[in-house]
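The values are calculated or read from the model by the stated rules, or taken from the named source; none is laboratory data. This is a predicted model, so every value here is computed, not measured. Every residue, glycine as well, gets a Cβ built from its backbone with ideal geometry; the counts of neighbours run over all protein chains shown.
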Amino acid sequence: MPEQNNSQQKQIKKTPFYFYIILVLIPVIFFILLEISLRIFGYGREIPQWLDASQGKSIINPDVAFRYFNNVQNVPTTIEDVFDQKKKENSYRVFVLGGSSAAGFPYMPMGSFSRYIRKRLELAYPTLQIEVVNLGLSAVNTYTIRDLLPEVLNQNPDLIIIYAGHNEYYGALGVGSMESLGTSRSFVNLILYLNKYRTVQLIRNILSSIFSVFISNESANTGTLMSRMAKDQYINFNSEKFNAGLEQYEGNMRDILEMIKEKNVPVIIGRLASNLKDQKPFVSADTPGYPSAGEIYKDAMVELQNKNLKAADSLFTLAKDLDALRFRAPEKINEIIEKLADEYNIISVAIDSVLAEASEDGITGNELMTDHLHPNIEGFHLMGNAFYEAMNSNNLLPAIEPKVPFESQDSLTRELFMFSRLDSTIGNYRITMLKNDWPFIERDQKKNRKEILHPADFIDSIAALQVEGKITWEVAHLNAAKVNYERGNLTGYLKHMDILIYQYPVVVEYYDQTALGCLQLNEFDIALKYLHKRYEMEPGEFCTKWIGIISLSRGESEKAIPYLEKSIELKPDDAQTLYNLAGAYSRLKKYDLALTTVNRCLNINPDYPQAQNLKQQLTQAIYQQSRK
């Protein structure tokens with residue numbers, strides 16, 4: 001027996017070392033082969049953060065939200081701001097990060113506070129390349145900001161502005177969201193980091209499929225995004241999940257601020273504002289030690305009516321915090337913002353106080369809010385002004401003298417703000433539809449869109465088509481421009497085309513289209529403005545042709561020729577351009593060159609008006625010139 005035991009021990013000891021290496025490598029090789037196979041067969045998707053927007057510009061990938069949303073359709077997109085791929089020396093670059101309030105909902109893309117900041121900077125510093133890049137996304141929280149931030153920091157920003165926290169519970173991957181991956185920040189952030197691998201995407205999709213068995217497909221894919229994102233609808237004040245959301249916010253924000261600090265980039269964080277006075281609590285749940293949120297709200301209304309404003313404000317705030325449906329950030333998130341601002345020595349802007357001070361009775365309500373937390377246009381302007389004043393007082397503005405005095409900038413920015421009645425109507429309709437769904441009403445009370453949208457004119461009708469998803473925002477403005485043009489309203493036509501150009505500065509066709517509309521109305525001076533902008537971006541055959549023709553009509557032949565020559569280089573068979581180029585040569589007595597050019601015109605179009613006459617004149621001029 002002892003000999004047998006020794007033999008067994010020797011046999012165990014003789015197990016080769018590479019056997020254990022193989023055991024370890026088998027699962028590694030399996031996942032490597034699985035990853036390669038998934039890529040070969042096109043499974044999953046590559047979701048880079050930036051895409052080429054042409055004209056040397058970058059734009060955030062419109063599909064970037066698929067990193068965070070697995071269980072909902074129609075994921076949100078940003079307002080599509082572009083920036084130079086290679087930052088210019090005279091550039092001033094700001095990035096804005098946050099949720100739907102940062103993005104400017106419901107007036108996206110034109111109504112956000114970032115657009116106020118951009119316009120004010122452009123007016124104050126016209127010699128600089130101003131880039132205010134808003135990466136705000138609806139229904140996202142600090143997980144998204146943390147994930148996007150490294151690539152943002154790689155773009156050499158001069159300033160980062162963060163306005164986020166309302167979505168911390170129900171936003172993508174939040175502790176109460178239908179997209180939640182649990183309460184472990186380390187695990188969620190690891191999954192986000194690994195999500196570029198198709199194997200991880202496969203595992204997430206499998207888990208989502210299993211998860212979908214236990215939820216209604218209708219609830220996941222219908223209704224507003226707000227109504228779809230709340231998985232654990234009720235989160236009581238001071239509950240375990242309530243505190244998990246606070247820990248999630250503070251932990252992610254610490255990571256965010258550490259990354260920003262490491263790159264030595266200035267950052268401003270806004271305290272969060274919400275509708276206290278005119279938004280009653282969505283859900284009044286029992287909270288140990290407190291009356292119900294609904295009772296507190298009623299007490300607040302009594303104090304307001306009695307003009308006990310300080311007591312009313314405190315009670316409205318408490319009612320909001322006791323609301324078990326966490327669509328409005330609790331005050332503890334603002335406390336975390338202040339704590340982190342002190343700890344990291346960064347700037348915080350009291351947006352909540354700014355809006356309260358501008359509201360009746362000093363309590364934020366419907367005067368500045370469209371719903372429970374999204375500001376109206378006046379509210380967004382106040383936010384933009386507050387951030388801008390913080391930039392000024394902390395020496396974060398460009399280090400050159402502004403063209404417009406500081407005290408005049410706010411009023412001028414409001415006057416020239418790129419916004420139209422169409423944008424306002426679209427925003428109002430979006431809010432109407434938002435409030436036609438849970439949690440503003442019970443789901444069985446939801447009405448048909450035709451019952452709640454009542455278009456009164458062509459602008460309203462276009463806006464209704466847009467919010468119903470039948471046309472894009474871009475097409476909506478094109479349609480509005482067209483109607484204005486057909487009605488002879490050049491100002492209205494230019495308003496909508498200017499907004500399109502402001503939103504999509506890299507779409508060169510809009511410059512051509514706007515100029516063409518002006519040319520057809522003989523508005524040559526206005527047309528030239530757009531033609532020259534187009535030429536600066538990318539010389540095209542249309543803009544070069546018409547800059548040349550207009551210059552020629554003004555007797556500026558020498559100025560006209562290079563443009564007309566460039567147009568012919570781009571489109572050699574344009575008879576009209578050749579005829580005008582021949583005329584320009586003729587005026588400078590370059591008769592041989594003019595004759596060659598007009599002959600090219602006639603070869604293309606033998607019946608081109610006046611071309612034969614010009615040819616005869618040039619032939620005679622050359623003959624007379626030869627006799628001298």
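Here is a yes/no grid of residues against (1) more than 26 Å from the chain's Cα centre (by Cα); (2) farther than 21 Å from Asn376 by Cα; (3) surrounded by 17 or more Cβ atoms within 10 Å (Cβ to Cβ):
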site: Pro398; (1), (2), (3): no, yes, yes
site: Lys403; (1), (2), (3): yes, yes, no
site: Thr413; (1), (2), (3): no, no, yes
site: Phe419; (1), (2), (3): no, no, yes
site: His454; (1), (2), (3): yes, no, no
site: Ala464; (1), (2), (3): no, no, yes
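Taking the condition closer than 23 Å to Val349 by Cα and of a type in the set (S, T, N, Q), does Ser461 pass?
In short, no.
Got at least one residue in the range 269-281 being in contact (Cβ under 8 Å) with a residue 24 or more places away in the chain and over 31 Å from the mean Cα position of the chain (by Cα)? Scanning the range 269-281 turns up no residue that is in contact (Cβ under 8 Å) with a residue 24 or more places away in the chain and over 31 Å from the mean Cα position of the chain (by Cα).
Every residue, every condition in (1) closer than 26 Å to Tyr116 by Cα; (2) in contact with a Lys or Arg (Cβ under 6 Å, 6 or more places away or on another chain); (3) part of a loop (DSSP other than H, G, I, E, B); (4) in contact (Cβ under 8 Å) with a residue 40 or more places away in the chain, yes or no:
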{"site": "Ala481", "(1), (2), (3), (4)": "yes, no, no, no"}
{"site": "Lys495", "(1), (2), (3), (4)": "yes, no, no, yes"}
{"site": "Tyr510", "(1), (2), (3), (4)": "yes, no, no, no"}
{"site": "Cys518", "(1), (2), (3), (4)": "no, no, no, no"}
{"site": "Tyr535", "(1), (2), (3), (4)": "no, no, no, no"}
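Tallying residues that are among the β-branched types (Val, Ile, Thr) and modelled with pLDDT under 95 within the range 428-466 yields 2.
Selection within the range 27-86: residues that are of a type in the set (Gly, Ala, Ser) and in contact (Cβ under 8 Å) with a residue 24 or more places away in the chain. The member of this set that is farthest from Trp473 (Cα to Cα) is Gly44. Only one entry in Pro109, Pro62 is within 11 Å of the chain's Cα centre (by Cα), surrounded by fewer than 17 Cβ atoms within 10 Å (Cβ to Cβ) and outside any helix (DSSP H, G or I), namely Pro62. Highlighted here are the helices (runs of 4 or more DSSP H) found entirely within the range 168-271 that include at least 1 residues which are modelled with pLDDT under 75 and crowded, with 16+ Cβ neighbours inside 10 Å: 198-212, 217-221, 225-229.
Within the range 479-503, if we keep just the residues that are surrounded by fewer than 18 Cβ atoms within 10 Å (Cβ to Cβ) and within 22 Å of the chain's Cα centre (by Cα), the residue that is farthest from Asp84 (Cα to Cα) turns out to be Asp498. Looking at the range 65-89 only, could you name the residues that are of a type in the set (D, E, K, R) and assigned to a loop (DSSP other than H, G, I, E, B)? Correct list: Glu80, Asp81, Lys86, Lys87, Lys88, Glu89. Quick check on this structure: which one of Asp255, Asp286 is among the acidic types (Asp, Glu) and farther than 30 Å from Val188 by Cα? Answer to the selection: Asp286.
Listed by first and then second residue, the pairs linking a residue in the range 600-628 that is crowded, with 16+ Cβ neighbours inside 10 Å to a residue that is β-branched (Val, Ile, Thr) and in a helix (DSSP H, G or I), with Cβ atoms under 7 Å apart and 6 or more places separating them unless they lie on different chains, are Ala611/Val598; Leu614/Val598; Lys615/Val598; Leu618/Val598. The test for being closer than 29 Å to Leu304 by Cβ, of a type in the set (S, T, N, Q) and either in contact with a helix residue (DSSP H, G or I) (Cβ under 6 Å, 6 or more places away or on another chain) or in a loop (DSSP other than H, G, I, E, B) (or both) holds for Thr432. Among residues of the range 381-396 being without any contact (Cβ under 8 Å) to a residue 12 or more places away in the chain and in a helix (DSSP H, G or I), the one that is surrounded by the fewest Cβ atoms within 10 Å (Cβ to Cβ) is Ser393. The combined condition, being surrounded by 15 or more Cβ atoms within 10 Å (Cβ to Cβ) and either hydrophobic (A, V, I, L, M, F, W, C) or in contact with a Cys (Cβ under 9 Å, 6 or more places away or on another chain) (or both), is not fulfilled by Leu309. Scanning the range 113-142 for residues that are more than 13 Å from Val96 (Cα to Cα) and under 14 Å from the mean Cα position of the chain (by Cα) yields a count of 3. Hey, does the range 354-374 have a residue that's touching a residue at least 12 places away in the same chain (Cβ under 8 Å), touching a Phe, Trp or Tyr at 6+ places or on another chain (Cβ under 9 Å) and part of a helix (DSSP H, G or I)? No - not one qualifying residue is present in the range 354-374.
You will find that of Ala329, Ala300, the residue that is of a type in the set (Gly, Ala, Ser), within 32 Å of the chain's Cα centre (by Cα) and crowded, with 21+ Cβ neighbours inside 10 Å is Ala329 and no other.
Scan the range 538-591 for residues that are in a helix (DSSP H, G or I), among the charged types (D, E, K, R) and either farther than 30 Å from Gly56 by Cβ or in contact (Cβ under 8 Å) with a residue 24 or more places away in the chain (or both) and report the count.
5
In the condition set (1) in contact (Cβ under 8 Å) with a residue 24 or more places away in the chain; (2) assigned to a helix (DSSP H, G or I), Val506 is compliant with all but (2). Take the conditions (1) within 20 Å of the chain's Cα centre (by Cα); (2) touching a residue at least 60 places away in the same chain (Cβ under 8 Å); Glu378 misses just one of them, which is (2). Which of the residues belonging to the range 466-479 are assigned to a loop (DSSP other than H, G, I, E, B) and on the phi < 0 side of the Ramachandran plot? Once the filter is applied, which keeps residues that are assigned to a loop (DSSP other than H, G, I, E, B) and on the phi < 0 side of the Ramachandran plot, the range 466-479 yields Glu468, Lys470, Ile471, Thr472. Residues in the range 397-413 that are in a helix (DSSP H, G or I) and of a type outside the set (S, T, N, Q): Phe406, Glu407, Asp410, Leu412.
So in the range 421-445, with the set limited to residues that are among the charged types (D, E, K, R) and within 18 Å of the chain's Cα centre (by Cα), which one is surrounded by the fewest Cβ atoms within 10 Å (Cβ to Cβ)?
Among those that are among the charged types (D, E, K, R) and within 18 Å of the chain's Cα centre (by Cα), it is Arg430.
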